[in-house]
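Here is the structure we will look at, set down as structure tokens.
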Amino acid sequence: MLSNEQLEKILKQADIMPAEEFSKFLKEAGKSGRKIENYLIEKKIVTASALYESAAKYFKVPFIDLKNQVIRKDILMNIPEPIASAQQIVAFAVEGKKIKIACLDPENMEIFEFIKKKTELEPKIYLTTPESFDEVLKQYHKSLKAEFKELADENLDPSSANLKKLAENLPIVRIVDTLLEYAIFENASDIHIEPEEKDILARYRIDGILKTVMTLPKNVQPGIIARIKILANLKVDEHRLPQDGRFKVNAKDYKVSLRVSIIPTFDGEKIVMRLLNEKAQILTLEQLGFQPSALESIKRNISKPHGMILVTGPTGSGKTTTLYTVLNILNTPEVNIITIEDPIEYRMPHVNQSQVNPKIGYTFATGLRSFLRQDPNIIMVGEIRDQETAEIAIHAAMTGHLVLSSLHTNDAVTTLPRLSDMGVPAFLVASTTNIIIAQRLVRKICPNCIQSYKLDKLMIKELTKQLNVENIMQTMQNKRIIADAKRGLESLLFYRGAGCKQCSNSGYKGRIGIYEALEVTDEMSELILRKEPPAVLKKQAEKQGMLTIIEDGFIKAKNGITTIEEVMRVTKE
């Protein structure tokens, strides 16, 4: 659909409507709560084809009306149905090395590039009307329906041989390939395939939020599950026990490793696939989004020859990415680095990476014990889950090794009592811990539709109830983010995304971390030895100049990187 600005320019350029008249209709459309484009067409002020023909001239692309055109199935299927409906784009002809594409947004370069790579054909772009596009979408459903009916007629005997045969069926292979391809294109971190009573839901986790991308008929369930089991080298005829496996998807532009988890549920087996991009670039600490003061203390502490660097936060808060970023800085030819992980998420050159295997008794603790005989300088332990691992890691840090690890706690300060609760003596925690980084991931505002606004009274009242707003404002003044803390939240401009095609109307695109970095200074060690409560430790941390996660979040919201709502969503405890 066209934006208001584009629409005004198109109508003016085509001499259909002057700017004053457009403003009048814009107000009327706003009052009735409709989009101006729909309003003009519904009121017959302009026809859809006249509007989109003018739009085609404005964008300098040809116009096509596909209303009564039957498209060959093989051409249509060049663009899988979920991509077609999400990106509002269809293939309607192939001529030599060119593929003709009808769309509603001729400026969506990212998707055209994706199609060029996928089909190895040069896209020729046409503009069509929304009505014409919807008609073509129906052709997908007809051809898919026919294929699914064929599958339904098959004898779905649950024996292994028949399931294997079913998994090789063309529609099944196409559905699974489309799910994987589109997930990679959308930068999804997980794919969920969830059986329900009457159908199957396919959902992607994108930027930490789950969204439904496909609803499939129930009769394709055995085929999809069998196909994924074969790819992940799992038992096809095992339906009652959970199974775990993995496989890789390689293409010219990406190399993705998928971790598969299958569990039996009431309506069938549920599959979750975690996508790990093996070609992902390891970021720098600056790119991760650390504030200058935190950055300084992290750099100071990772250059120490021994001690512990801990990263903490809930599952999916980016701890592993932070650990790998630190490892990348430390990875020089002069040191021996060994890691024990569950699983190995990124491959790093010149780093000896080892994966735990609890089935054969190879746990974090047993691996760590053996590592100490491997003459390491730096050890990374994926996660400290129990007392034994905590003790060995701390002893390693005490005996001259630099140990990096992660823990599940809500903030940096509560990590210290947590280690004591695990049975590690306070004097060991105080003497070996260098720095603790706590983090969360927030979605970034989409740069294509960012807009500023001021907080309303209700929102300010809500924030004041939940947070110490005075402290946050004072911190922002101290860090020179704002000029005067006394003027209050109502004086500040914040930002959010209006929603556009590039961000699927969510207003967000990509993620960044919000952090707190607690340096264990001599004063802090003293408090840990005295087993002071977290509240006292927190006061000392703030005295040392530590920014809390909330404060870091507010600074990023004020700077237009994320929104207040996002900060509140991820810091709720």
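For residue 51, indicate whether it is open to solvent by less than 80 Å² (accessible area, probe 1.4 Å), modelled with pLDDT under 85 and not hydroxyl-bearing (Ser, Thr, Tyr).
When the stated conditions are applied, residue 51 does not pass them.
When residue 521 is evaluated against the numbered criteria (1) surrounded by fewer than 20 Cβ atoms within 10 Å (Cβ to Cβ); (2) assigned by the TED database to the domain that holds residue 405; (3) in contact (Cβ under 8 Å) with a residue 24 or more places away in the chain, which criterion, by number, is the only one it fails?
It is condition (3) that residue 521 fails.
Check residue 218 against each of (1) basic (Lys, Arg); (2) surrounded by 14 or more Cβ atoms within 10 Å (Cβ to Cβ); (3) within 26 Å of the chain's Cα centre (by Cα) and name the one condition it does not meet.
Result: residue 218 passes all but (3).
Between a first residue in the range 203-214 that is closer than 11 Å to residue 193 by Cα and a second residue that is of a type in the set (Lys, Arg), which pairs have beta carbons less than 7 Å apart while being 6 or more apart in sequence or on different chains?
Going by the 7 Å Cβ cut-off, the qualifying pairs are 203/211; 204/211; 212/203; 213/203.
Looking only at strands (runs of 3 or more DSSP E) that lie completely in the range 355-457, which have at least 2 residues being within 30 Å of residue 492 (Cα to Cα), open to solvent by 70 Å² or more (accessible area, probe 1.4 Å) and out of contact with any helix residue (DSSP H, G or I) (no Cβ under 9 Å at 6 or more places or on another chain)?
Passing ranges, in order: 450-454.
Conditions (1) surrounded by 15 or more Cβ atoms within 10 Å (Cβ to Cβ); (2) of a type in the set (Val, Ile, Thr), marked per residue:
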site: 170; (1), (2): no, no
site: 187; (1), (2): no, no
site: 198; (1), (2): no, no
site: 202; (1), (2): yes, no
site: 206; (1), (2): yes, yes
site: 210; (1), (2): no, no
site: 227; (1), (2): yes, no
site: 233; (1), (2): no, no
site: 237; (1), (2): no, no
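Which condition does residue 91 not pass, out of (1) outside any helix (DSSP H, G or I); (2) over 30 Å from residue 170 (Cα atoms); (3) open to solvent by less than 80 Å² (accessible area, probe 1.4 Å), if it passes all the others?
Residue 91 satisfies every listed condition except (2).
Say we look at the range 54-63 and pick out the residues that are part of a helix (DSSP H, G or I) and aliphatic (A, V, I, L, M); which of these is surrounded by the fewest Cβ atoms within 10 Å (Cβ to Cβ)?
This residue is 56.
Yes or no: the range 258-267 includes at least one residue that is within 26 Å of residue 429 (Cα to Cα) and touching a helix residue (DSSP H, G or I) at 6+ places or on another chain (Cβ under 8 Å).
no
Identify, by number, the condition in (1) open to solvent by less than 20 Å² (accessible area, probe 1.4 Å); (2) at pLDDT 85 or above; (3) in the same structural domain as residue 128 (by the TED database) that residue 66 doesn't meet.
(3) is the only condition that residue 66 fails.
Take the conditions modelled with pLDDT under 90, hydroxyl-bearing (Ser, Thr, Tyr), surrounded by 15 or more Cβ atoms within 10 Å (Cβ to Cβ) and more than 21 Å from residue 428 (Cα to Cα) and apply them to residue 346. Does it pass?
So residue 346 fits the description; yes.
From the list 555, 482, 514, 561, which one is of a type in the set (A, V, I, L, M), at pLDDT 90 or above, touching a helix residue (DSSP H, G or I) at 6+ places or on another chain (Cβ under 7 Å) and not assigned by the TED database to the domain that holds residue 321?
Exactly one residue qualifies, and that residue is 555.
From the list 199, 244, which residue is under 25 Å from residue 505 (Cβ atoms) and in contact with a Ser or Thr (Cβ under 7 Å, 6 or more places away or on another chain)?
Residue meeting the stated conditions: 199.
Which one of the conditions (1) in contact with a helix residue (DSSP H, G or I) (Cβ under 8 Å, 6 or more places away or on another chain); (2) modelled with pLDDT under 90; (3) open to solvent by less than 70 Å² (accessible area, probe 1.4 Å) does residue 312 fail to meet, given that it meets all the rest?
Against the list (1) in contact with a helix residue (DSSP H, G or I) (Cβ under 8 Å, 6 or more places away or on another chain); (2) modelled with pLDDT under 90; (3) open to solvent by less than 70 Å² (accessible area, probe 1.4 Å), residue 312 comes up short only on (2).
The rows are residues; the columns are (1) touching an Asp or Glu at 6+ places or on another chain (Cβ under 6 Å); (2) modelled with pLDDT of 85 or more; (3) assigned to a strand (DSSP E or B).
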position: 102; (1), (2), (3): no, yes, yes
position: 124; (1), (2), (3): no, yes, yes
position: 136; (1), (2), (3): no, yes, no
position: 139; (1), (2), (3): no, no, no
position: 155; (1), (2), (3): no, no, no
position: 166; (1), (2), (3): no, no, no
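State the number of residues belonging to the range 271-309 that are open to solvent by 50 Å² or more (accessible area, probe 1.4 Å) and among the aromatic types (Phe, Trp, Tyr).
So the answer is 0.
So if I check each of 40, 26, 2, which one is part of a helix (DSSP H, G or I) and either under 23 Å from residue 133 (Cα atoms) or among the hydroxyl-bearing types (Ser, Thr, Tyr) (or both)?
It is 40.
Only one of these conditions is not met by residue 460: (1) β-branched (Val, Ile, Thr); (2) outside any helix (DSSP H, G or I); (3) within 30 Å of residue 503 (Cβ to Cβ); (4) open to solvent by 10 Å² or more (accessible area, probe 1.4 Å). Which number is it?
For residue 460, the failing item is (2).
Checking the condition at pLDDT below 90, in contact with a Leu (Cβ under 9 Å, 6 or more places away or on another chain) and in a strand (DSSP E or B), which residue from 276, 258 passes?
Selected residue: 276, the only one of 276, 258 that is at pLDDT below 90, in contact with a Leu (Cβ under 9 Å, 6 or more places away or on another chain) and in a strand (DSSP E or B).
Just to be sure I understand, how many residues within the range 69-88 are over 34 Å from the mean Cα position of the chain (by Cα) and open to solvent by less than 20 Å² (accessible area, probe 1.4 Å)?
1
List pairs: first residue in the range 409-421 and in contact (Cβ under 8 Å) with a residue 12 or more places away in the chain, second residue of a type in the set (Asp, Glu) anywhere in the structure, Cβ distance under 6 angstrom, at least six positions apart or on different chains.
Once the first residue is in contact (Cβ under 8 Å) with a residue 12 or more places away in the chain and sits in the range 409-421, its partners that are of a type in the set (Asp, Glu) give 410/573; 412/516.
For residue 80, all conditions in the list (1) in the same structural domain as residue 107 (by the TED database); (2) within 20 Å of residue 500 (Cα to Cα) hold save one; what is the number of the exception?
Condition not satisfied by residue 80: (2).
The values are calculated or read from the model by the stated rules, or taken from the named source; none is laboratory data. Quick caveat: nothing in here was measured; it's all calculated off a predicted structure. Every residue, glycine among them, receives a Cβ derived from its backbone with ideal geometry; neighbour counts consider all protein chains shown. Ligands, DNA and RNA are excluded from the accessible area calculation, which covers all protein heavy atoms including side chains. Shrake-Rupley method; radii C 1.70, N 1.55, O 1.52, S 1.80 Å.
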